[in-house]
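Have a look at the structure below, then the notes.
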Amino acid sequence: QLRNLFCSLLPSPMPSPSLRLAVVGAGAAGLAAARELRREGHAPVVFERAAAVGGTWLYASPAPAAATDPLGAAATHSSLYASLRTNLPREVMGFLDFPFTAARGSVVDARRFPGHEEVLRYLEDFAQRFDLYRLVRFQTEVVGVRREAGGRWAVTSRKLGEKGEQDEEVYDAVVVCNGHYSEPRVASIPENLYFPTLTGADAWPGKQMHSHNYRVPEPFLDQVVIVIGASASAVDISRDIACVAKEVHIADRSTPTSTCEQQPEYDNMWLHSMIDHAQGDGTVVFRDGSSIKADVIMHCTGYLYDFPFLGDDSTITVDDNCVDPLYKHVFPIEVAPELSFIGLPWKVIPFPLFELQSKWVAGILSGRIKLPSKDEMMEDVKAIYSRLETRGWPKRYTHNFSGGYQFEYNDWLAEQCGHPPIEEWRKLMYAANAKNKAARPERYRDEWDDDGLVALANEDFKKYF
Ligand code: FAD
């Protein structure tokens, strides 16, 4: 570990010719990518359709699509709700060499699990500290990425605003960091078959919306709300709404069919398995046999990978939320390394993973780190699919890194880059947080038992100040 740390502190060997690179997105992944690419000696240009950095962490209130399209099929805004606090402790969540500590000068919300505004401030600090703002072209949307003869990429971008001018430029490589929490996953899930139409005499007459468009609980005052899903958003939003709603019913397909349980600490919230069917008179019948006349169904059913600017020459397809074929979830094998994706894995600690993926991509682009042959990369992809099969996981879990895999993956990336492995305290703290969350679902953000790990982390962070 010491040797790796020492190596990582040494100046990189002279990089091969600096490449001109297009980075799509200035969220956490795009910022990490921009920093690492430039550290490697490249010249990144970051395209960002918003007017600011931060991506997901740019709170949009009210949700721009909510009025016209509550299911949010055409929405491109962030998915944050007003009450959102991080679900990871700040020590775990931050970039590896830019700790998300409460000791930074710009800190306003020093809580260990801060509100979303604090994460945005942290990302702004990151962009400032590493002088990334001048690399970003704001309000500029990438609308096309086309492979040219010779392996370079023509990137078409559109300046958002009155004139909407388009521009085409050629780059040596493209790094896609466009996020995957803004294209709601609704129509493709089986439970939505019970709501085949949103209009017509037989249609369920209530309101349906996706969590993407949820912001505040007040509109649900005295209503009966069904929340579909068991994700972090479903847990947060059901509790948020329960403070004002008449009743909240959570429908979670992973619970046993007979489940109909009042939730501890709530007299107006129940957990069910899944919805069986809905009726034209507004009744929703659960598989446990109970039924309720509901006003709203909130779909906390996740999001889809979406790359509308990529064509067939990207050589990837997206089917059932699997981006295929990708070597190590980053490189499309046929066009590696000139096209890459940062940030696809989920059920991870995002920022450190973005950082390591970005270091790896930067090193490969400069030729300092070598990719294996196409055949070897394909073998590796096949191994991912057979691991999926062994676990009995559906295809849509291809990029799901739960079960400890993220650390194996991160440490592999770190080794490739000559970077120290993920800190032991971070791994232990991640596990401690998961355990605490399960034991204290209502209070894990304010009560914990891992102060010893916090002290270790803070000690470790001293080397970065
Ligand atoms: P994004 O943040 O989505 O950024 C993508 C950027 O690309 C955006 O700025 C977008 O405008 C831009 N873009 C997209 N397409 C184009 C285009 N064609 N042209 C130009 N620009 C484009 N993570 C945690 O670590 N802790 C948490 O507590 C946590 N809570 C979360 C809660 C919610 C509700 C959600 C949705 C996510 C949460 N996450 C959390 C995960 C979070 O998404 C990641 O932390 C991270 O912010 C994702 O960064 P990203 O850069 O990959 O994507």
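It is to be established whether one or more residues within the stretch 327-344 are farther than 30 Å from ASN433 by Cβ and modelled with pLDDT under 95. No, the stretch 327-344 has no match at all. For the stretch 387-419, give me the residue count where each residue is modelled with pLDDT under 95 and of a type in the set (Gly, Ala, Ser). Number satisfying all stated conditions: 4.
Counting only residues that are open to solvent by less than 40 Å² (accessible area, probe 1.4 Å) and part of a helix (DSSP H, G or I), the stretch 220-249 holds 9 of them. Looking across ALA75, ALA26, ALA34, one residue alone is open to solvent by less than 40 Å² (accessible area, probe 1.4 Å) and either at pLDDT below 70 or at positive phi (or both). It is ALA75. Applying the criterion of being of a type in the set (D, E, K, R) and part of a strand (DSSP E or B) to the residues of the stretch 145-180, the residue that is least open to solvent (accessible area, probe 1.4 Å) is GLU169. For first residues located in the stretch 150-172 and under 15 Å from GLY311 (Cβ atoms) and away from the ligand (no atom under 14 Å from the Cβ), partners that are among the hydrophobic types (A, V, I, L, M, F, W, C) and assigned to a loop (DSSP other than H, G, I, E, B) and lie 6+ apart or on another chain with Cβ distances below 7 Å do not occur. Just one of (1) crowded, with 23+ Cβ neighbours inside 10 Å; (2) within 30 Å of LEU371 (Cα to Cα) fails for HIS299. It is (2).
Restricting to the stretch 437-465, count the residues that are open to solvent by less than 70 Å² (accessible area, probe 1.4 Å) and farther than 16 Å from MET93 by Cα. The qualifying residues number 4. In the stretch 275-287, the residue that is least open to solvent (accessible area, probe 1.4 Å) out of those that are at negative phi and in contact with a Pro (Cβ under 9 Å, 6 or more places away or on another chain) is GLY280. Of the listed requirements (1) open to solvent by 10 Å² or more (accessible area, probe 1.4 Å); (2) more than 12 Å from the ligand (Cβ to nearest atom), VAL142 misses just one: (2). The strands (runs of 3 or more DSSP E) found wholly in the stretch 273-358 and carrying at least 3 residues that are closer than 30 Å to ARG146 by Cβ occupy 317-319, 322-324, 339-341.
Looking at the structure I just gave you, is VAL361 within 16 Å of the ligand (Cβ to nearest atom) and either surrounded by 24 or more Cβ atoms within 10 Å (Cβ to Cβ) or in a helix (DSSP H, G or I) (or both)? The answer is yes for VAL361.
In this structure, does GLN263 turn out to be open to solvent by 60 Å² or more (accessible area, probe 1.4 Å) and of a type in the set (S, T, N, Q)?
It is false that GLN263 is open to solvent by 60 Å² or more (accessible area, probe 1.4 Å) and of a type in the set (S, T, N, Q).
Per the conditions (1) hydroxyl-bearing (Ser, Thr, Tyr); (2) surrounded by 18 or more Cβ atoms within 10 Å (Cβ to Cβ); (3) more than 9 Å from the ligand (Cβ to nearest atom), the sole criterion not satisfied by THR86 is (3). Of all residues in the stretch 173-183, those satisfying the criterion of being within 14 Å of the ligand (Cβ to nearest atom), under 22 Å from ALA43 (Cα atoms) and in contact with an Asp or Glu (Cβ under 9 Å, 6 or more places away or on another chain) are VAL174, ASN178. Using beta carbons and a limit of 9 Å, which pairs, at least six apart or on different chains, have the first residue in the stretch 215-233 and more than 15 Å from VAL186 (Cα to Cα) and the second one among the hydroxyl-bearing types (Ser, Thr, Tyr) and more than 14 Å from the ligand (Cβ to nearest atom)? Partner pairs satisfying both residue conditions: none exist. Open to solvent by less than 30 Å² (accessible area, probe 1.4 Å) and more than 25 Å from LYS359 (Cα to Cα) - does that describe any residue in the stretch 121-134? Scanning the stretch 121-134 turns up no residue that is open to solvent by less than 30 Å² (accessible area, probe 1.4 Å) and more than 25 Å from LYS359 (Cα to Cα).
A single member of ASP312, ASP252 is open to solvent by 10 Å² or more (accessible area, probe 1.4 Å) and farther than 30 Å from THR86 by Cβ, and it is ASP312. For the stretch 389-415, a residue qualifies if it is buried (at least 17 other Cβ atoms within 10 Å of the Cβ) and not in a loop (DSSP other than H, G, I, E, B), and the qualifying residues are ARG396, TYR397, ASN400, GLN406, PHE407, TYR409, ASN410, LEU413, ALA414.
The values are calculated or read from the model by the stated rules, or taken from the named source; none is laboratory data. Worth saying up front: this structure is predicted, and the values here are computed from it rather than measured. Neighbour counts are summed over all protein chains in view; Cβ atoms, including those assigned to glycine, are modelled from backbone coordinates with ideal geometry. Accessible surface is based on the protein model in full, side chains and every heavy atom, while ligands, DNA and RNA are left aside. Shrake-Rupley method; radii C 1.70, N 1.55, O 1.52, S 1.80 Å.
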